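Structure record follows, encoded as structure tokens.
The values are calculated or read from the model by the stated rules, or taken from the named source; none is laboratory data. Keep in mind it's a predicted model, so treat the numbers as computed, not measured. Ideal geometry is used to build each Cβ from the backbone, glycine not excepted, and the neighbour counts take in all protein chains shown.
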Amino acid sequence: MERRTLLGRLTWQLGEVVATGPETPRTKSITLALPNWMGHRAGQHVDVRLTAEDGYQAERSYSIASPPEEAPRVTLTVERLDDGEVSPYLTEELRVGDKLELRGPIGGYFVWEASMSMGGPLLLVAGGSGIVPLMAMIRHRTAIGSTVPTRLLYSSRSFEDIIYREELTRLDEADQMLEVVHTSTRSHPPGWTGYARRIDTDILREVAWPLDQHPLTFIYGPTPFVETAAAGLVALGHVPAHTKTERFGPTGER
Amino acid sequence: MENKLDGNAAAGILQEIFPYEMTMAQITCTDCGATMAMGATAAYMHGMGTVLRCPVSDTVLIRVAQIKGRYFLDMRGVRVLQISAEA
């Protein structure tokens, strides 16, 4: 896709919900048809705006889960925050056929394209729903048939909380160049073969690519998760310039 | 508690103001001279607006807010802003 810097200012557009489906007990994917979608790159996000009958508006950012190849359909995966203003509506109330107001795509820094890897392997580090934009990268990588060696290190609370679990297992088995490594921080079922603790420097040392392969790394998750993972990788000698981070705070609803 | 995010979190409001994708714009910090992509800065989101800080010296680079239909953009911490004009 042509990559343009001059985008024009952001404008709001309406999308129609064409599919919804649960990913985990707390997350749901919502697929929108967007007639005016300009296309996106893997890793970008959108702003969603809800307007109440009295005119009150609430706006939140959500990462795009679907690859550019599915445009003009765009899928968001939203985690329900019980005290949230926007996510309970998106996960509980929104139905197929409803309209949703959004704008995007937004962001160009936390983006992966095959041409960016420059031969080096890719390390994706996800905490919880931080998997969403990284999944767009994995799906894009699969869609274009990229053979860039890729490892996903994905931290979840429990087995049931692993978003895209079956799809990741399928891709892991089908693609020799893709390796999915899970860690489960609170509970895990019998026979669990992943790690069973929070991400630490030992896990990163075992999973991260050797430095001489010049890996490119994307880290996305809650702020403390990202800080731990980024600091651990830097301590192992990884180059900050090749390590892109994005944090969602407690109210970010990303 | 302050909500520390990355510069990418300010992409939406900055793209309301500038017709460019701004997270790849390069910022030079007035205080320490470090140059980085806007997406690599530290962002703090408040109800009153967004503050971007230098990840090296913690200097406030940019404050941006939209209040009652008016944008307020305070760039006192930015020595140079470089925006790529082509693809």
Checking A:Leu100, A:Leu90 in turn, the sole residue that is of a type in the set (A, V, I, L, M, F, W, C), closer than 27 Å to B:Phe18 by Cβ and surrounded by 15 or more Cβ atoms within 10 Å (Cβ to Cβ) turns out to be A:Leu100
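Of all the strands (runs of 3 or more DSSP E) wholly in region B:2-61, which have at least 2 residues that are within 12 Å of chain A (Cβ to nearest Cβ), surrounded by 15 or more Cβ atoms within 10 Å (Cβ to Cβ) and over 9 Å from the mean Cα position of the chain (by Cα)?
B:3-6, B:35-37, B:42-46
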Of A:Tyr109, A:Tyr164, which residue is at pLDDT 95 or above and touching a helix residue (DSSP H, G or I) at 6+ places or on another chain (Cβ under 6 Å)?
A:Tyr164
Only one residue in A:Arg73, A:Arg41 is farther than 29 Å from A:Ser158 by Cβ and away from chain B (no Cβ under 14 Å), so which one is that?
A:Arg73
Sole residue being surrounded by 15 or more Cβ atoms within 10 Å (Cβ to Cβ) and either in contact (Cβ under 8 Å) with a residue 60 or more places away in the chain or out of contact with any Leu (no Cβ under 7 Å at 6 or more places or on another chain) (or both), chosen from A:Arg197, A:Arg170, A:Arg165, A:Arg186
A:Arg165
Does A:Pro67 count as surrounded by fewer than 18 Cβ atoms within 10 Å (Cβ to Cβ) and within 17 Å of the chain's Cα centre (by Cα)?
no
Residue list for region A:21-63, restricted to those being of a type in the set (Gly, Ala, Ser) and more than 20 Å from A:Leu81 (Cα to Cα):
A:Ala33, A:Gly39, A:Ala42, A:Gly43, A:Gly55
Residues B:Arg70, B:Arg76: which one is touching a residue at least 24 places away in the same chain (Cβ under 8 Å), surrounded by fewer than 19 Cβ atoms within 10 Å (Cβ to Cβ) and more than 8 Å from chain A (Cβ to nearest Cβ)?
B:Arg76
Let me spell it out: the conditions are (1) modelled with pLDDT of 95 or more; (2) assigned to a helix (DSSP H, G or I), and A:Ser115 meets all of them except one. Which number is the exception?
(1)
